[in-house]
Amino acid sequence: METLVIEGTQKTPSVNFDASKGVLEIKGRSIPENSIEFYRPLVEWLEKYKNNPAPKTEVHVQLEYFNTSSSKCILDLFKKLEDIVKAQHEVVINWYYEEDDEDMLEAGEDYESIIKVPFKMVEVID
Amino acid sequence: MNQTAINNIETFIRTKLEDKEHIIAWRGVISSEAISNILIELEEKLLKEKISVKLRKKTYNISVECLQNLYHHCIPLPDAYQTIYPGKYAIFYINLLNKDAYMLTTGNFILQPKVKSMSQKIDKINTLTQEDLKEMYKFILNHQKLSARGGGGLGLIDVGRKSGHKLTYEFLELDKDYYFYVLNVKITEE
């Protein structure tokens, strides 16, 4: 399965989904006016990946900012990961937040309470 | 056109935007490009302010959401008004209340029937505790689909939640069909 690589922009994050390693990374800012278009290829990639995932999938979400339009798309991605967990594969979501950024930590905790995938909150110290 | 109503709105906008304590004072046609430019300017200015990371991030986050609310909900006025208020005309303004607090103000035109529903929505948000807002946010996040244009009905709830203060608003009448909707959001660290 091909690695999904998307360069980051001022309003959209960089993406690196590597099926062979089972490492999925989203980094940067996610503040497009309409996030559906941006996230569609990510959801489609995960739709295929979940049929034959790596023994362990490590997800790294390191967002500086994201808007509410993106928040629903991110939840859609996490729901695909939930399917992988239901199929008895190991998945962990590492949710990064900057020191003192309680809003970002809380956003991660919101997802953790909705999605049945293990979360690890990772504080990034400058 | 009702010139008195226009003068009233203009006086409001000018008084607001000419306030010297602002860090951003913008009026114009809201577009994706305009939002990008405002956010670049805002980020540069916030980095120069002697404020905590928390307040800087909160201010930027709330600004993103408010600008996108303008982008999604602002409507163009009829042709007769286009020379004064072209396209999806809006204002976006942030001023420093004191060293630990900002006041963010947005303004845009809406249709008269929206006045009631917007008031009700904001009044409802203002009655909720932080815990209620959190639960409401999570419920909508989990149960409501995104509209085709990418709006999710979460914007104002997120603004209320991140602000932690009561939202204030007013509607200035342009004519019987259109109103200028002004939203004020206080931003502090807590």
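Each row is one residue, and each column tells you yes or no for (1) over 18 Å from B:T105 (Cα atoms); (2) of a type in the set (G, A, S); (3) out of contact with any Lys or Arg (no Cβ under 8 Å at 6 or more places or on another chain).
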residue: B:I23; (1), (2), (3): no, no, no
residue: B:K50; (1), (2), (3): yes, no, no
residue: B:K54; (1), (2), (3): yes, no, yes
residue: B:K57; (1), (2), (3): no, no, yes
residue: B:Y60; (1), (2), (3): no, no, yes
residue: B:S63; (1), (2), (3): no, yes, yes
residue: B:Q68; (1), (2), (3): no, no, yes
Taking B:V53 and the conditions (1) over 13 Å from the mean Cα position of the chain (by Cα); (2) among the hydrophobic types (A, V, I, L, M, F, W, C); (3) more than 8 Å from every other protein chain (Cβ to nearest Cβ), which numbered condition does it fall short on, given that it satisfies the others? (3)
Unique residue being more than 15 Å from B:H165 (Cβ to Cβ), buried (at least 17 other Cβ atoms within 10 Å of the Cβ) and basic (K, R) when the list is B:K124, B:K134: B:K134
Restricting attention to the stretch B:66-77, which residues are in contact with an Asp or Glu (Cβ under 8 Å, 6 or more places away or on another chain) and either buried (at least 22 other Cβ atoms within 10 Å of the Cβ) or in a loop (DSSP other than H, G, I, E, B) (or both)? B:Q68
Condition first: buried (at least 20 other Cβ atoms within 10 Å of the Cβ), acidic (D, E), under 18 Å from the mean Cα position of the chain (by Cα) and within 14 Å of chain A (Cβ to nearest Cβ). Can you find one or more residues in the stretch B:35-45 that meet it? no
Wholly enclosed strands (runs of 3 or more DSSP E) of the stretch A:1-76 bearing at least 1 residues under 25 Å from A:L105 (Cβ atoms), among the aliphatic types (A, V, I, L, M) and more than 14 Å from chain B (Cβ to nearest Cβ): A:14-18, A:23-30, A:56-66
If we scan the stretch B:137-151, do we find a residue that is polar (S, T, N, Q) and surrounded by 18 or more Cβ atoms within 10 Å (Cβ to Cβ)? no
I'd like the residue in the stretch A:77-104 that is in contact (Cβ under 8 Å) with a residue 12 or more places away in the chain and within 11 Å of chain B (Cβ to nearest Cβ) and, out of all such residues, is nearest to B:N61 (Cα to Cα). A:M104
Among the residues of the stretch B:158-172, which ones are surrounded by fewer than 16 Cβ atoms within 10 Å (Cβ to Cβ) and among the charged types (D, E, K, R)? B:K166, B:E170
Considering only residues of the stretch A:93-115 that are modelled with pLDDT under 95 and assigned to a loop (DSSP other than H, G, I, E, B), which is surrounded by the fewest Cβ atoms within 10 Å (Cβ to Cβ)? A:E99
Could you go through the stretch B:162-169 and let me know if any residue there is among the small types (G, A, S) and under 25 Å from A:Y111 (Cβ atoms). yes
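The values are calculated or read from the model by the stated rules, or taken from the named source; none is laboratory data. Because the structure is a prediction, the values reported are computed rather than measured. Every residue, glycine among them, receives a Cβ derived from its backbone with ideal geometry; neighbour counts consider all protein chains shown.
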